[in-house]
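For reference, the structure is listed below as structure tokens.
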Amino acid sequence: MKLFYIANVRLPTEKAHGIQIVRMCESFGKLGIDVSLIAPMRFKTKKLRFFNEDIYSFYKINKNFQLKKLFNMDFLLLDNYLPKILTGLPFLIQNSSFLVTCLIYSLCKKVDLIYTRSFLFTVLLNFFKKNSVILELHNLPFKKFSQIIFKKFIKRINKIVVINENIKNILISWGVDGNKILTGTSAIADSCLKVIKKDDARIKLNIAKNEKIIMYTGNLYAWKGVYTLADAALLAPEYVFYIVGGSDFDKEVQMFKIYLKNKKIKNINMVGYVKPSLIQYYLAAADILVAPNSAKSDASMNYTSPLKLYEYMASRRPIILSDLTSMRNLIDAKFVFWMKPDDPKSLIDKIKEVENNESIAKKKAQEAFSFVKTKTWDNRAEDILKYWNLI
């Protein structure tokens, strides 16, 4: 079987979705499928130009699929310099040009199955290859006009993968046949399941052994709860808060640095972006891992299935999560400690609770690890294809 995975993303990328995309391609390839990952030719950010590796070396994955980069009009790096009224125009141009190129390419090539995260591309391709497209949805439109258009066309798509049960339930309430929808949460690579001792990780990363480290990994969007984390750091100077992630391409990073400076927060170590292969060492170096997502965002409340959560569970470290429906739908409540969203004091209280209940914290971490061992990308890819009798 010939499969195209079509993804409008820069590859390699600083974003977590890059990990998911290449891991899924690798896992499809392990099933004996002839996989081509179709992505746009994109300019690299400064950080990625420094790494200067192909995706197989960068992500440390098997070269069992092909990468094909297609023409598009990439002006996205200009977005930060345009007047506010033109913000978003570079993305519209880039997305439209890549969509047209992909459509022509897909129709000219012999392919059995197309897998994509683009709703618009799926709608267009559905006119030509109705039963040959799988759409993976990570969120839903929240603007009224966008919802009207979305509801009209989503019912025509026969194969849909969603990343949590909330999205599935909403789609069913909008009239989509539940049998067309499969829930496939994020997953973990087998290589991330190896045991790394805290001391060994700290030596590798040149981190002091005596630091009490609270770790967050991921981007610095407000809905991820990073400002709650910053305010918590201000309340608890005895801890060192590490933030691993954030692209130099994002405005959010600079905004967050200004916030720290204005608040005079000194106990946050902003590591910045690191290669995916180093993430597990940072997680292993931590005492406690946190994902303090905000309840003020619809994406955070209902749609998220954070890759970091699965990486956290694989690290065997205690985890503190915001008490949100999206999070509770992903894992058993007993695996983690739950904090009140958008509440810095609640986060500090939970950190103290973890410290004061070491045996309970270790038990939760081990139970989370036992759970996540089955949530591999290989299992996810196989489940998706089996659901529609494609293997």
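Since every read-out is calculated from the coordinates, none of them should be taken as a lab result. All values reported here derive from a predicted model rather than from experimental measurement. FYI the Cβ positions are ideal-geometry reconstructions off the backbone, even for glycines, and counts take in every protein chain you see.
Given a cut-off of 21 Å, what percent of all Cα-Cα pairs of the stretch 1-140 lie beyond it?
That fraction is 45 percent.
Sort HIS138, HIS17 by Cβ crowding within 10 Å, fewest neighbours at the top.
Result, fewest neighbours first: HIS17, HIS138.
Tell me which aspartates and glutamates have Cα within less than 13 Å of LYS2's Cα, excluding those fewer than 8 residues away on the same chain?
Of all the aspartates and glutamates, those that pass the test against LYS2 - Cα under 13 Å, at least 8 places apart if same chain - are ASP34, ASP112.
Output needed for the chain: three equivalent-ellipsoid semi-axes, defined as square roots of 5 times the C-alpha gyration tensor eigenvalues, in descending order, whole Å. Numbers along the way, then the final one.
Values: eigenvalues 241, 109, 94 Å².
Computed over the chain, the values are 35, 23, 22 Å.
Whose amide H sits under 5 Å from the amide H of ASN269, counting only residues 5 or more places off or on another chain, with H placed in the peptide plane?
PHE241, TYR242, ILE243
For LYS275, what residues show an amide H to amide H distance below 5 Å, using hydrogens built from the backbone and excluding near sequence neighbours?
none
Kindly rank 119-125, 208-214 from highest to lowest mean number of other beta carbons found within 10 Å of each residue.
Numbers: 119-125: 20.0, 208-214: 14.1.
Averaged packing, sorted descending, gives the order 119-125, 208-214.
Okay, helix-only estimate at 222 nm for the chain: each DSSP H run of n ≥ 4 adds -39500 (n - 2.57), divide by all residues, round to 500 deg cm²/dmol; what do you get? Each step should come with its number before you reach the end.
Values: 16 runs with 165 residues, N = 391.
Using -39500 (n - 2.57) per qualifying helix, the result is -12500 deg cm²/dmol.
What Kirkwood radius, in Å to one decimal, follows from the Cα pairs of the stretch 190-372? The partial results should precede the final answer.
On the way: mean 1/r = 0.0613 Å⁻¹.
One decimal place: 16.3 Å for the Kirkwood radius.
Using the basic label-point model (7 angstrom from Cα toward the beta carbon), what is the ASN52 to LYS143 distance in nanometres?
Roughly 4.2 nm, to one decimal.
Over the Cα atoms of the stretch 268-312, what Rg and Dmax result, in angstrom?
12.5, 32
Roughly what would the spin-label model give for ASP332 and LEU92, points 7 Å off Cα along C-beta, in nm?
5.0
Work out Dmax and Rg for the stretch 313-391 from the C-alpha atoms and quote the Rg first, both in angstrom.
In order Rg, Dmax, the Cα atoms of the stretch 313-391 give 15.8, 50 Å.
Longer than 32 Å from Cα to Cα, which of LYS159/LYS308; LYS151/LYS364; LYS198/LYS296; LYS263/LYS373 are they? Say none if no pair is.
Exceeds cut-off: LYS151/LYS364; LYS198/LYS296; LYS263/LYS373.
What order do you get for GLU382, GLU311 when you list them from fewest to most C-beta neighbours inside 10 Å?
Details: GLU382 16, GLU311 24.
Neighbour counts put them in this order, fewest first: GLU382, GLU311.
Take the Cα atoms of the stretch 72-189, find their three principal axes, and give me the spread along each one in whole Å, biggest first.
For the stretch 72-189, the Cα spread along each principal axis is 45, 36, 36 Å.
Considering amide H positions built from the backbone, and no H for Pro or chain starts, which residues 5 or more places from THR183, or on another chain, come under 5 Å of its amide H?
For THR183, the qualifying residues are VAL162.
Pop the C-beta distance of ASP383 and SER191 into the FRET formula with R0 = 22 Å and round what comes out to the nearest 0.05.
Values: r = 20 Å, r/R0 = 0.91.
So, using R0 = 22 Å, E works out to roughly 0.65.
Taking only the alpha carbons of the stretch 106-261, what extent do you get along each of the three principal axes, in Å, biggest first?
60, 38, 30
How much length, in nm to one decimal, is gained on full extension between LYS261 and ASP199, taken as 0.36 nm per residue of separation minus their Cα-Cα distance?
Numbers: separation 62, 0.36 × 62 = 22.32 nm, distance 3.10 nm.
Separation in residues times 0.36 nm, less the Cα-Cα distance, equals 19.2 nm.
What nm distance separates the two modelled labels at VAL271 and SER173, each placed 7 Å from Cα along Cα→Cβ?
Label at VAL271, label at SER173, 3.8 nm between them.
Can you name the helices of the chain, as whole DSSP H runs, whose Cα span along the helix axis is 20 Å or more and whose Kyte-Doolittle mean is not below 0.5? Could you put the intermediate results ahead of the total?
Values: long enough: 16-30 (22 Å, 0.13); 89-108 (29 Å, 1.49); 358-372 (21 Å, -0.27).
The answer, listed by residue number, is 89-108.
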